[in-house]
Amino acid sequence: MTGRLSLKLLSGILVVGVAGCASFYEIPIETPIAAKLDVSAFQRVFIAGFLSGGTDDVDGNLETVRLLRSQLRMKSNLRVIDADVLPLKTDAASSRPQGQAAGPAAEARELTELEIKNEKDLQPYEHIFADADYWKRIGEEYQNPLIVTGTVLFTPHSQSGMVQREREIIDPLGRRRVEPVREYMERKGFILQEKFIFIDGRSGAQIHSEALREERLYNQNDNTPALSSYFELMDEIIPRFLSTLSTQKVRGSRVLIK
Amino acid sequence: MPTRLLTVVLLLAALTGVAYADVRSDAKAQVEFGIAVAQRGLWKEALYRWKRATEIDPTYAAGFNNLAVGYEHEGMLDKAAEAYERALKLEPNNAMLRQNFELFKEIHDRTTQPQTP
């Protein structure tokens with residue numbers, strides 16, 4: 001009994017001794033990242049809608065509006081305006097700058113019907129973001145909020161090449177080990193390109209814009225649905241979008257050294 | 001005569017060594033106190049202690065590393081970058097320091113990404 005007690009005591013002393021001698025300590029930290037944009041002049045935010053294109057499997061405009069509104073409701077002090085999404089493509093097609101329209105009505109109809117598949121297809125509509133009168137009118141309608149708009153391109157993507165992955169090996173003695181193997185693989189996935197444009201609803205002027213891009217590739221046999229890939233990619237993009245509007249805290253850990 | 005000179009040189013070297021050890025142990029005491037208070041969430045006090053440590057001994061990499069961590073926690077990212085760089089200059093092969101710096105860089109790069117006009 002006494003022997004066991006002294007053993008416990010000894011191991012206790014050892015633990016304390018080792019802890020006392022440790023020359024480093026891991027510590028959790030929270031790094032605050034200041035917002036890129038001063039939005040103190042606004043009480044409300046209106047996610048107006050996006051010019052979107054790429055795959056037909058996901059409505060990039062509606063999904064992005066829905067996701068950003070719900071995130072802002074949870075993580076920002078701004079009041080989120082719940083209103084219908086603006087028909088940006090139609091509005092842009094019917095308000096083209098002078099000198100571009102030969103037969104306005106017919107061309108506008110033609111433009112509205114055009115599918116947006118890549119960045120080049122977005123160009124005929126992008127002038128709408130610089131149309132201060134248009135945005136000022138929207139601003140007046142919603143009591144001068146901060147307006148968020150922009151473009152969303154969600155396009156399928158495939159790539160083949162050498163990929164490193166981990167393979168589990170069990171030896172004759174039943175021991176498990178993992179080793180890296182390089183192999184040729186056909187992969188399919190998606191690219192999400194978003195350009196967020198922030199507009200002052202009081203003047204209709206652009207105050208900030210930010211272009212973000214993420215991509216994911218999956219094993220060809222995985223058959224990952226487009227919508228779940230879209231959400232995966234938005235998980236990467238949303239923190240960066242939010243850090244434009246409000247101070248964010250990044251959690252992590254660091255090592256303090258003696 | 002040469003023996004006397006050698007004795008003086010040795011004496012000076014020994015004294016310098018003692019002074020250096022004193023400086024390092026003073027800085028180490030500040031660093032240890034800083035760690036103890038940071039573990040209790042008193043980051044401002046910790047920051048003050050680590051700053052003192054680097055003033056006492058500007059060759060003490062651990063002091064600069066902890067100072068950088070403290071700055072990171074306070075959101076002073078430019079100062080953190082500066083402190084990490086000083087620490088890495090002093091101990092470029094310190095794995096823990098490098099790991100801290102890599103993690104810091106991920107956050108810092110995110111905040112300094114070029115913006116579209």
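Values quoted throughout were computed directly from the atomic coordinates according to the rules given, and no laboratory measurement underlies them. The structure displayed is predicted, hence computed values, not measured ones. Cβ placement follows ideal geometry from the backbone for every residue including glycine, while neighbour counts extend to all protein chains displayed.
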**Complete:** Expressed to one decimal in nm², the mean projection of the alpha carbon convex hull of the range A:36-257 is 18.4 nm²
**Item:** Cross-link pairs beyond the 23 Å C-alpha cut-off, checked among A:Lys36/A:Lys195; A:Lys258/B:Lys79; A:Lys249/B:Lys79; A:Lys75/B:Lys105
**Value:** A:Lys75/B:Lys105
**Request:** May I ask for the distance between the Cα centers of the range B:25-102 and the range A:200-258, given as a whole number of Å?
**Result:** 30 Å
**Prompt:** Going by how many other Cβ atoms sit within 10 Å of their own, how do A:Arg44, A:Arg177 line up, fewest first?
**Reply:** A:Arg177, A:Arg44
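Test of understanding: what is the full-extension gain from A:Met74 to A:Ala226, defined as 0.36 nm times their sequence separation minus their Cα-Cα distance?
On the way: separation 152, 0.36 × 152 = 54.72 nm, distance 2.55 nm.
Contour length minus the Cα-Cα distance gives 52.2 nm.
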**Mean Cα-pair separation over length for the range B:26-111, i.e. relative contact order, pairs under 8 Å, 6 or more apart, %** = 22 percent
**Message:** Averaged across A:240-252, how many Cβ atoms of other chains sit within 10 Å of each residue's Cβ atom?
**Reply:** 2
**Request:** Sticking with the crude label model, points 7 Å out along Cα→Cβ, report the distance from A:Glu186 to B:Thr59 in nm, one decimal please.
**Result:** 6.3 nm
